[in-house]
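Input: a single structure, listed below in structure tokens.
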Amino acid sequence: MPAAFDEMRDGDGRVRSHYRGFERWLDGMPAARIAEKRTEADLLFRRVGITFAVYGEEAGAERLIPFDIVPRIITAAEWRLLFQGLRQRVTALNAFIADIYHDQEILKAGRVPPEQVLCNVQYRPEMQGIEVPGDIYAHIAGIDVIRAGEGEFMVLEDNLRVPSGVSYMLEDRKVMMRLFPELFASYAVEPVEHYPDILLDNLRSVAPPGVSQPTVALLTAGAANSAYFEHAFLAQQMGIELVEGQDLFVRDGYVYMRTTQGPRRVHVIYRRIDDDFLDPLAFRPDSMLGVPGLLAAYRAGNVTIANAIGTGVADDKSIYPYVPDMIRFYLGEEPLIANVPTWILRREEDRAYALAHLEELVVKEVHGAGGYGMLIGPAATREEIERFRGLIEAHPDRYIAQPTLALSTCPTFVDAGLAPRHIDLRPFVLSGRDVRIVPGGLTRVALREGSLIVNSSQGGGTKDTWVLET
Amino acid sequence: MLSRTADHLYWMSRYIERAENLARMLQVNVRTSLLPRAADEVDRSWAGTLAIIGQLEAYRERCGPVSPDRVVKFLAFEADNPGSIVSNLRLARENARAVRGTLTSELWETLNSTWLDLTGRPRGDLTTDGLIDFLEWVKLRSHLARGVTLGTMLRDEGFDFTRIGTFLERADNTARILDVQFRVLAPDGIRASTAVDYYRYTALLFSVSAFEIYRKVYRDRITPERVAELLLLRADTPRSLHRCVAEIDQHLQSVANAQSGETLRRAGELHALLRYGRIDLIVEEGFHEFLADFLDRVADLGRRIARDFLASTVS
């Protein structure tokens, strides 16, 4: 595996300038005090109940996501590049979705193969020709960014459906400030606490036309959902109702909530359930989570759904390789942040290369998520590689391959003390009247030595992410 | 406010209050069982407690004959008895979790840490000492939850439904405590009990935090009729039936909606009954019958509140 970029130290082992203050502070901290603070952090998360449910475990099991006290620090210059690159990318992705559900210029121009879009299960014909406020589809996007060997930023994945994790970004900062106020006195760290505020502003800005005081509600699948903590947290922070499907109903094309004072109209639904479950009349008829008639109200323009229905057509791994071309096509610009090089295994040439190099590559299922259904060549056994070879040969269109990138590492506390662990970054990009990103995002860290899988469902942890003001 | 949210808040506070009152019931029984008396009387009083909270059958089915230690374990700690203190605290936390976004962070953290402390507490075979500590702890956590509610919650409908839950449950539980204790203390009626058992009435007053209040209000020796008056009719006694119904009446008025007219009328009627009630007349007409009627009316209010405000069927 190639050498990884170390966020804290350069190639000669010297501490990078933006980590020096942290290093001095750490040197002055006795080990016992650090241990104490780590225990305190654990208690804080447990008491606040920042937990997630793990599917497949005992019903109702709640687990903490491990939190690491070493911050991930991003310089002001790095953030400027990230901000511009992310704004560019999400703007192009929104333009792509709007195009797909209207004139499909990009397909006509031959820049994206039509069958990749129109035969994709995430393509929703119900959305064809529908006008949505501001032509925005992905109001909230979580873009997974990594740093490769030389420290260059690359986009690993776009999440345009119901990206989660922002509550950890906010809670990590809160806990960090509570545990180590002195650190924040010596570093000028960009604040992130206003995220709920700009999220609400963003959601209100995309209300149906003519509504001056829109009512926004957050639609959750309920307390059993793995991200329920985040749903409740965001609804509370924005001061909006946290609704379940049973709390909403549609009458005469309008959506209402059932309240103690009778029905109340809802204008914007920030939904945290998948398309399939939104409306049993339109999608999965067995869904108990949705609202019968919601799609009809949406199509009539009487309610805004954020993110829009059908955004999955743009964040699928089979579409991902075409995003740089979307940026060129819609914006006439070169991408500021590159994609990870990707072999599309449906293409014969790519497939031949990948099959010959499986032990070096990462193979991903096109529709997989959460780090499931993945082959990491260098870490895989002979049998796993052969199993994937069989899978790829049977259904080449279901897989892509990428080089095994050494994600950058950041010092992290583990049982044996401080050690480098691989990290990624998920900034949250909000699109409405304009594109806004709170500086930073969620840094996820793979706690197992050598592991590249940062997903919380597979033993990943989180870190506070600092963007420096200067 | 969402009907479902109001429903969770209402039940959250009912379960907290129920856990507290269960602790109070157990406390009074533990105290009186330390007094010298016949073993079968002790058992009778525990059986009475189980009966009045509707748990006697469930207990017999699971645990057999009534024995003080077994009853305590059943009512305090048994996780698979849905009516135990432990289960009530769990249900309170579950309801809170379902609407944690509506609660203040302080209130959620209070309920969550109560639950975490409880699950981390050693149980095993409890000594009387350990039991008394535990019951005190339950009361304290309930006081804390209520204090945090009062100190941090916006005075909106959410607050009203939280308070309605508290007082509806308290009205019900206080009436039950009185009924069971007076049946043991004055089996032939309040008037007929000549030899007043000072210690047992004191224990009853303690169990509803009314001993000092009694002293302040009457500045005289303890008589059964005054104890009854204090806990039924005085509006200034925080756990009296009158106080509870006054609170329910007031909070219902601030959440009134288009279909709640009859519910409000019945709450007002019950309020008036206590406000203008006379203890000598109540005793004359039957103390137990009065309490039984009161419990029916409280149950009726509970059903009507659920139908008028909390059901997700209004559309």
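The values are calculated or read from the model by the stated rules, or taken from the named source; none is laboratory data. For clarity, every value in this text was computed on a predicted model and none was experimentally measured. Positions of Cβ are backbone-derived with ideal geometry, glycine not excepted, and every protein chain shown enters the neighbour counts. Accessible surface is based on the protein model in full, side chains and every heavy atom, while ligands, DNA and RNA are left aside. Shrake-Rupley method; radii C 1.70, N 1.55, O 1.52, S 1.80 Å.
Could you pull out the residue among A:Asp99, A:Asp158 that is assigned by TED's automatic domain parsing to the domain that holds A:Gly332, at pLDDT 95 or above and open to solvent by 10 Å² or more (accessible area, probe 1.4 Å)?
Of A:Asp99, A:Asp158, the one residue that is assigned by TED's automatic domain parsing to the domain that holds A:Gly332, at pLDDT 95 or above and open to solvent by 10 Å² or more (accessible area, probe 1.4 Å) is A:Asp99.
Got a number for residues in the range B:1-27 being assigned to a helix (DSSP H, G or I), among the aliphatic types (A, V, I, L, M) and either facing chain A (nearest Cβ under 10 Å) or over 13 Å from the mean Cα position of the chain (by Cα) (or both)?
Residues in the range B:1-27 being assigned to a helix (DSSP H, G or I), among the aliphatic types (A, V, I, L, M) and either facing chain A (nearest Cβ under 10 Å) or over 13 Å from the mean Cα position of the chain (by Cα) (or both): 3 in total.
Considering only the range B:179-210, state which residues are at pLDDT 90 or above and in contact with a Phe, Trp or Tyr (Cβ under 9 Å, 6 or more places away or on another chain).
Of everything in the range B:179-210, just one residue is at pLDDT 90 or above and in contact with a Phe, Trp or Tyr (Cβ under 9 Å, 6 or more places away or on another chain), namely B:Leu205.
May I ask you to say which residue of A:Leu199, A:Leu183, A:Leu242, A:Leu203 is at pLDDT below 95 and more than 13 Å from every other protein chain (Cβ to nearest Cβ)?
A:Leu183
Give the residues of the range A:406-416 that are open to solvent by less than 20 Å² (accessible area, probe 1.4 Å) and part of a strand (DSSP E or B), sorted by residue number. I'd like the intermediate steps shown before the answer.
Within the range A:406-416, the subset open to solvent by less than 20 Å² (accessible area, probe 1.4 Å) is A:406-412.
A:Thr409, A:Cys410, A:Pro411, A:Thr412 - these are the residues of the range A:406-416 that are open to solvent by less than 20 Å² (accessible area, probe 1.4 Å) and part of a strand (DSSP E or B).
B:Leu291: more than 14 Å from every other protein chain (Cβ to nearest Cβ), buried (at least 22 other Cβ atoms within 10 Å of the Cβ) and within 20 Å of B:Thr166 (Cα to Cα), yes or no?
yes
For the range A:291-314, which positions are closer than 19 Å to A:Ile100 by Cβ, among the aliphatic types (A, V, I, L, M) and outside any loop (DSSP other than H, G, I, E, B)?
The answer is A:Leu295, A:Ile305, A:Ala306, A:Val313, A:Ala314.
Which count do you get for residues in the range B:46-93 that are in contact (Cβ under 8 Å) with a residue 24 or more places away in the chain, over 23 Å from B:Gly130 (Cβ atoms) and hydrophobic (A, V, I, L, M, F, W, C)?
4
Looking only at the range A:10-23, which residues are closer than 12 Å to A:Glu182 by Cα and either out of contact with any Phe, Trp or Tyr (no Cβ under 8 Å at 6 or more places or on another chain) or of a type outside the set (A, V, I, L, M, F, W, C) (or both)? Step through it out loud before you land on a result.
Of the range A:10-23, the ones closer than 12 Å to A:Glu182 by Cα are A:21-22.
Matches in the range A:10-23: A:Gly21 only.
Would you please name the residue that is farthest from A:Leu430 (Cα to Cα), looking only at residues in the range A:71-84 that are surrounded by 21 or more Cβ atoms within 10 Å (Cβ to Cβ) and not basic (Lys, Arg)?
Looking at the filtered set, the residue picked out is A:Pro71.
Tell me whether the range B:106-128 contains one or more residues that are at pLDDT 95 or above, within 18 Å of B:Met25 (Cβ to Cβ) and not hydroxyl-bearing (Ser, Thr, Tyr).
No, the range B:106-128 contains no residue that is at pLDDT 95 or above, within 18 Å of B:Met25 (Cβ to Cβ) and not hydroxyl-bearing (Ser, Thr, Tyr).
For A:Asp415, which of the numbered conditions (1) within 26 Å of the chain's Cα centre (by Cα); (2) more than 27 Å from A:Cys119 (Cα to Cα) fails to hold?
Going through (1) within 26 Å of the chain's Cα centre (by Cα); (2) more than 27 Å from A:Cys119 (Cα to Cα) one by one, A:Asp415 breaks only (1).
Does B:Arg31 satisfy the criteria of being away from chain A (no Cβ under 14 Å) and more than 13 Å from the chain's Cα centre (by Cα)?
So B:Arg31 fits the description; yes.
Could you tell me whether the range B:239-249 includes any residue that is more than 14 Å from the chain's Cα centre (by Cα) and open to solvent by 70 Å² or more (accessible area, probe 1.4 Å)?
No, the range B:239-249 contains no residue that is more than 14 Å from the chain's Cα centre (by Cα) and open to solvent by 70 Å² or more (accessible area, probe 1.4 Å).
Check A:Gly310, A:Gly293 and return the single one that is open to solvent by less than 30 Å² (accessible area, probe 1.4 Å), closer than 29 Å to A:Ser226 by Cα and in contact with a Lys or Arg (Cβ under 6 Å, 6 or more places away or on another chain).
A:Gly310
Can you find even one residue in the range B:63-71 that is modelled with pLDDT of 85 or more, in contact with a Cys (Cβ under 6 Å, 6 or more places away or on another chain) and either away from chain A (no Cβ under 14 Å) or under 21 Å from B:Lys139 (Cα atoms) (or both)?
yes
Considering the range A:216-239 alone, what residues qualify as being open to solvent by less than 10 Å² (accessible area, probe 1.4 Å), within 7 Å of chain B (Cβ to nearest Cβ) and either in contact with a helix residue (DSSP H, G or I) (Cβ under 9 Å, 6 or more places away or on another chain) or among the β-branched types (Val, Ile, Thr) (or both)?
Answer for the range A:216-239, where residues must be open to solvent by less than 10 Å² (accessible area, probe 1.4 Å), within 7 Å of chain B (Cβ to nearest Cβ) and either in contact with a helix residue (DSSP H, G or I) (Cβ under 9 Å, 6 or more places away or on another chain) or among the β-branched types (Val, Ile, Thr) (or both): just A:Ala232.
Enumerate the helices (runs of 4 or more DSSP H) found wholly within the range B:85-189, keeping only those where 3 or more residues are under 15 Å from B:Arg14 (Cβ atoms), of a type in the set (A, V, I, L, M, F, W, C) and open to solvent by 10 Å² or more (accessible area, probe 1.4 Å). Step through it out loud before you land on a result.
Numbers: elements: B:85-98, B:105-120, B:128-152, B:157-185.
Because the criterion is at least 3 residues that are under 15 Å from B:Arg14 (Cβ atoms), of a type in the set (A, V, I, L, M, F, W, C) and open to solvent by 10 Å² or more (accessible area, probe 1.4 Å), the helices (runs of 4 or more DSSP H) in the range B:85-189 that meet it are B:85-98.
Scan the range A:384-405 and tell me whether some residue there is of a type in the set (Phe, Trp, Tyr), out of contact with any Ser or Thr (no Cβ under 8 Å at 6 or more places or on another chain) and surrounded by 15 or more Cβ atoms within 10 Å (Cβ to Cβ).
Yes: the range A:384-405 contains one or more residues that are of a type in the set (Phe, Trp, Tyr), out of contact with any Ser or Thr (no Cβ under 8 Å at 6 or more places or on another chain) and surrounded by 15 or more Cβ atoms within 10 Å (Cβ to Cβ).
Exactly one condition in (1) within 15 Å of A:Asn307 (Cα to Cα); (2) open to solvent by less than 40 Å² (accessible area, probe 1.4 Å); (3) away from every other protein chain (no Cβ under 13 Å) is not met by A:Asp274; state its number.
Single failed check for A:Asp274: (2).
Matching residues to (1) out of contact with any helix residue (DSSP H, G or I) (no Cβ under 7 Å at 6 or more places or on another chain); (2) outside the structural domain of B:Asp179 (by TED's automatic domain parsing); (3) under 24 Å from B:Gly54 (Cβ atoms):
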{"residue": "B:Asp197", "(1), (2), (3)": "no, no, no"}
{"residue": "B:Leu204", "(1), (2), (3)": "no, no, yes"}
{"residue": "B:Arg221", "(1), (2), (3)": "yes, no, no"}
{"residue": "B:Thr237", "(1), (2), (3)": "no, no, no"}
{"residue": "B:Ser240", "(1), (2), (3)": "no, no, yes"}
{"residue": "B:Ala246", "(1), (2), (3)": "no, no, no"}
{"residue": "B:Asp249", "(1), (2), (3)": "no, no, no"}
{"residue": "B:Arg266", "(1), (2), (3)": "no, no, yes"}
{"residue": "B:Ala272", "(1), (2), (3)": "yes, no, no"}
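Only one residue in A:Gln213, A:Gln261 is more than 14 Å from chain B (Cβ to nearest Cβ), more than 28 Å from A:Gly165 (Cα to Cα) and open to solvent by 40 Å² or more (accessible area, probe 1.4 Å). Which one?
One residue alone meets the criteria, A:Gln213.
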